[in-house]
Amino acid sequence: MVLAQSFAVKLGPAGCARAEPMNRRQALRRKAPLQRDCRRESALGFSVLELMNVLALVAVLSTLGMYGLAKYVRHTKTAEAIASVEAIAKGAALYYNSSDSTQPTGTKLEAMRASRHFPPSSRGSVPFDPTDVQGKRYKSAMNDWLGSPWREIRFSIPQPQFYAYGFETEGAGSTAKGFASAKGDLDGNGVWSVYRLTVQPDDTTTAVVSSTLERINPEE
């Protein structure tokens, strides 16, 4: 069997190179730095890949987070419209159901119920110009809510609002109908969202708010 012998190169007396045998331990010592460098390079390369993966994951999560935040903000704004339209409709129903209380004593029930009516329609929305809430909020004044039907149903919005609100009515007695509405353009792109809720009397001539909220372009 032939055994491989490692040699170390040293300079002789005249500067001439000569090879001297090395044992196994010496040979391993000379190779060790190279092996350690290779391991460091491999570890460094793996760390870069990890970093790239982490950055990609962070970018995806950031995008999802921004989308979720925008959706939450929009939901918060539309919640104002839904709550306000419901409040207007409920106020109109209460007004209708008590609108026959001024009838003379002794008036028959059928005649009293036939006289029931909703408050007058609003002459315009609040704000009067819907563009005042186009991509922005409108801070109403107390005078905005002094007219009909806001005075009769005791409705107003003290804080800045994202929507313009209105109320329309038609008929009287058992054929009467009322419509509460909210109109807005949250991002100001010219596409308007509308929320509309109907209130009308049932078979006993008692006003009831519809359970169905009409939504037009809710996402704009």
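Some values worked out for this structure:
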item	result
Qualifying residue in the stretch 115-138 (condition: assigned to a helix (DSSP H, G or I) and under 18 Å from Pro201 (Cβ atoms))	no
Boolean, Gly166 is surrounded by 20 or more Cβ atoms within 10 Å (Cβ to Cβ) and either over 23 Å from His117 (Cα atoms) or not β-branched (Val, Ile, Thr) (or both)	yes
Residues that are assigned to a strand (DSSP E or B) and closer than 14 Å to Thr175 by Cβ, drawn from the stretch 190-209	Thr198, Val199, Gln200, Pro201, Ala207
Pair list, Cβ < 6 Å and 6+ apart or interchain, from the stretch 134-161 residues that are hydroxyl-bearing (Ser, Thr, Tyr) to residues that are modelled with pLDDT of 95 or more and part of a helix (DSSP H, G or I)	Tyr138/Asp132; Ser156/Trp145
Meets criteria (modelled with pLDDT of 95 or more and crowded, with 19+ Cβ neighbours inside 10 Å) for Ala141	no
Pair list, Cβ under 8 Å, 6 or more apart: the stretch 117-130 residue closer than 15 Å to Thr169 by Cβ, other residue in a strand (DSSP E or B) and among the acidic types (Asp, Glu)	Ser121/Glu168; Ser122/Glu168
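Yes or no, residue by residue, for (1) among the hydroxyl-bearing types (Ser, Thr, Tyr); (2) in contact with a Pro (Cβ under 8 Å, 6 or more places away or on another chain):
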position: Val126; (1), (2): no, no
position: Asp129; (1), (2): no, no
position: Arg137; (1), (2): no, yes
position: Ser140; (1), (2): yes, yes
position: Tyr163; (1), (2): yes, no
position: Ser193; (1), (2): yes, yes
position: Asn217; (1), (2): no, no
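The values are calculated or read from the model by the stated rules, or taken from the named source; none is laboratory data. This structure is a prediction, so every number in the text was calculated from the model and none was measured. Because the Cβ atoms are built from the backbone with ideal geometry, glycine has one as well, and the counts that use them run over all protein chains shown.
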